[in-house]
C-alpha cells in the first residue's frame, strides 16, 4: 500500500511539473499566460464559447477567465459581438489574429500529445483516460467532504 501511494503521488506530481515546464517553454513565443492559451485553444476548437463555458472547460475560476478574456479582447485575439445578453453568457469568438494564434497553439499541443502518448495503443489510452476520470471524480468526492 505504501509503494502504491508513493508511485501514485510521485508520478502525478512529476507529470504535473513536466506539463507546467512544457507549457512554459513551448508557449513562450506567444507571450501568453496559461489561462490565455487555454482560452484560445478551446475557442479555436469550438468556434464560440461563453465565459461560463470557458470556466468549465478550462477548469478555471470566473475571475481568472474574466481577466483572460479582458486581456485577449484588449490585445485583439477575441471579440464579443453580442451585447444583448449578460456579458458572462455572451458567445466569444476569435479574431483573425486569434484564429492564427489558436491554430499554432493547437498544432503544438497536438504534437506534444502525440509525443507524450508514443507507444500507447488507442485502447490503452481510452482505459488510461477513463481511469484518470474515475480517480479524479473519487478524489473530488473526498474533497467535497471538507467543504
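All of the numbers you see were taken from the coordinates with simple rules; none came from a lab. Nothing here was measured: the structure is a model prediction, and the numbers come from that model. For neighbour counting, all protein chains shown are included, and Cβ atoms are generated from backbone atoms with ideal geometry for every residue, glycine included.
Some values worked out for this structure:
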| read-out | value |
| --- | --- |
| Spacing of the two label points (7 Å from each Cα toward its C-beta) at residue 128 and residue 31, in nm | 3.5 |
| Sequence ranges 3-10, 110-117, ranked by mean other-Cβ count within 10 angstrom, highest first | 110-117, 3-10 |
| 0 to 90° range, to nearest 10: angle between helix 2-27 axis and the chain longest Cα axis | 30 |
| Cα principal axis extents for region 4-112, largest first, Å | 53, 26, 20 |
| Angle between the chain longest axis and helix 122-144 axis [Cα atoms, degrees, rounded to 10] | 90 |
| Of 135, 69, 22, the one that fluctuates the most in a GNM where the chain has Cα springs shorter than 10 Å | 135 |
| 0 to 90° range, to nearest 10: angle between helix 62-74 axis and the chain longest Cα axis | 50 |
| Fluctuation leader among 27, 99, 18 - the chain, Gaussian network, Cα springs under 10 angstrom | 18 |
| Per principal axis, descending, Cα span of region 63-147 in whole Å | 43, 39, 18 |
